[in-house]
Amino acid sequence: MKRSEHRISFTKTALDALEGKPARYFVYDTKVPGLALQITPAGTKTFYLYRWLDGKPQRIRLGGYPDMSPELARKQASALNGDIAQGINPVAIRQAQAQQCADRERLALGKVLEAYLTAKRNLKASTCKNYRDALRLYLSDWKDLPLTDITQSRVVEHHAALIDQHGGARANLAMRVLSALFNFAAGEYLNPDGTPQITQNPVKRLGQLGSWARVERRQTLVKVAQMPAWWAGVQTLDPTGRDYLMLMMLTGLRREEAAGIRWEHIDLNERTLTVKATKNHSDHTLPTGDYLTALLDRRKAYIGDSSAFLFPGQNQRRRLDQPISSSQYYCDKASTAAQVKFTAHDLRRSFITVAESLDIPAYALKRLLNHRHERDVTQGYIVLDIERLRGPMQKIETYLLQAMHIEPTAPIVTSQPTT
């Protein structure tokens, strides 16, 4: 059936009279060229403009009837016909607008963050949490904002506001996270011609203006004179908390590294322990001194087969299948008992300070702390065997035990874990 046999004057009465048929069909208006109404078998009616564009037939949707009146449909169809007469392709414009909307949605800060975390498969769970927390706590108003709308002036203003509200360290953290996402997006999101959609990182403006907050590095630690009191406070904790803090003091491990140690990574015969989830993503194996070896041996008897972790969870549900999730509780409780305020990282600084005072060779100390510097050419030629680190490790342990007035025997565990 030819189009001419479906032409009617579009009036409300005429359109209301049209009914659905077994197959969808179109009727065309007698007044505006190309204006058509599609009728589906269910009786749904929709206005379209039918035109040939760039050598192809195109149907441009205008709106549904009766929400759109015949008069408004004619007005919109006539306007589009005028654009087409001037060489404007409304279909291409609509596609570009739809793509622009899709790009804006895809480039929303929250979605870029999730894409970043998905792409960076080697990131630790704690790092992913820190990135999400930075967005939630300091950049929440920008979560749905496309990166293209985050300008240099916005970054500078928001960074200054964060300094006032949360302090320089947190303000800098939020901006470093934002900068990482911009750098990721610059290589991840491309235009059809291969050029990047993100062409600049507005966070760089902070450096150009010298606006980064100056944050003094913390220098707190447990002083040698405080160590007897510190040890007395630690002994008030349950066996897990006591041993956890003591291990950090005797090894210089970070809190998350110590918390995640599994029994399968401890060799009591060889007297070594290995940390898998380290900050620089490389395995970190340490020799254990006499006291620490005895502590681990007795802790193994205490834990038995109840957990795969050296320090299983100690929450209300006592999740022995997971490691402890926080050191804050133990540090706060021991600090109160000892009247010596400290954090988990203070124990690492204490270990480092003692090691340096004992003149431990610099490269041995770097190895004990798992510090690696790619630009340090000399370090690349030095291979320190575990046994060569045993002497320095024992020397540090002996000094710390003497400072705490501890006899060289491990503490006795007096309670058993409950399941």
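The values are calculated or read from the model by the stated rules, or taken from the named source; none is laboratory data. If you're wondering where the values come from, they're calculated on a predicted model, not measured in any experiment. Methodologically, a virtual Cβ is constructed for each residue, glycine included, from the backbone with ideal geometry; neighbour enumeration extends over all protein chains shown.
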Note to self: Quick test of your reading of the structure: residue 300 fulfils all but one of (1) surrounded by 15 or more Cβ atoms within 10 Å (Cβ to Cβ); (2) modelled with pLDDT under 95; (3) closer than 23 Å to residue 270 by Cα. Name the failing condition by number.
What the structure shows: (1)
Notebook entry, point to check: In region 109-141, what count of residues is obtained for those that are within 26 Å of residue 160 (Cβ to Cβ) and either surrounded by 16 or more Cβ atoms within 10 Å (Cβ to Cβ) or small (Gly, Ala, Ser) (or both)?
Noted result: 11
Next item on the list: Kindly indicate whether any position in region 144-165 is of a type in the set (A, V, I, L, M), in contact with a strand residue (DSSP E or B) (Cβ under 7 Å, 6 or more places away or on another chain) and without any contact (Cβ under 8 Å) to a residue 60 or more places away in the chain.
Entry: yes
Note to self: Whether any residue in region 93-100 is part of a helix (DSSP H, G or I) and touching a residue at least 24 places away in the same chain (Cβ under 8 Å) is what I want to check.
What the structure shows: yes
Checklist line | Identity of the residue in region 57-79, closer than 12 Å to residue 90 by Cβ and out of contact with any Leu (no Cβ under 8 Å at 6 or more places or on another chain), that ends up surrounded by the most Cβ atoms within 10 Å (Cβ to Cβ) | finding: 58
Note to self: I'm trying to understand the selection: among the residues of region 39-56, which are surrounded by 17 or more Cβ atoms within 10 Å (Cβ to Cβ) and either more than 16 Å from residue 93 (Cα to Cα) or not hydrophobic (A, V, I, L, M, F, W, C) (or both)?
What the structure shows: 39, 45, 46, 47, 48, 50, 51
Notebook entry, point to check: Out of all the residues in region 251-273, which are over 18 Å from residue 322 (Cα atoms) and among the β-branched types (Val, Ile, Thr)?
Noted result: 251, 272
Next item on the list: Go through region 119-151 and give me each residue that's within 9 Å of the chain's Cα centre (by Cα) and part of a helix (DSSP H, G or I).
Entry: 125, 126, 127, 128, 129, 130, 131, 132, 133, 134, 135
Check: Could you say whether any residue in region 234-251 is buried (at least 17 other Cβ atoms within 10 Å of the Cβ), basic (Lys, Arg), in a helix (DSSP H, G or I) and assigned by TED's automatic domain parsing to the domain that holds residue 355?
Finding: yes
Check: Which residues, taken from region 13-48, are outside any strand (DSSP E or B) and among the hydroxyl-bearing types (Ser, Thr, Tyr)?
Finding: 13, 30, 40, 44
Item checked: Enumeration of residues in region 163-222 that are among the charged types (D, E, K, R) and surrounded by fewer than 11 Cβ atoms within 10 Å (Cβ to Cβ) -> 164, 193, 214, 216, 217
Note to self: I'd like to know if region 345-362 contains one or more residues that are exposed (fewer than 15 other Cβ atoms within 10 Å of the Cβ), assigned to a helix (DSSP H, G or I) and either in the same structural domain as residue 129 (by TED's automatic domain parsing) or at pLDDT below 90 (or both).
What the structure shows: yes
Next item on the list: Taking only region 89-128 into account, find how many residues are at pLDDT 90 or above and over 22 Å from residue 187 (Cβ atoms).
Entry: 0
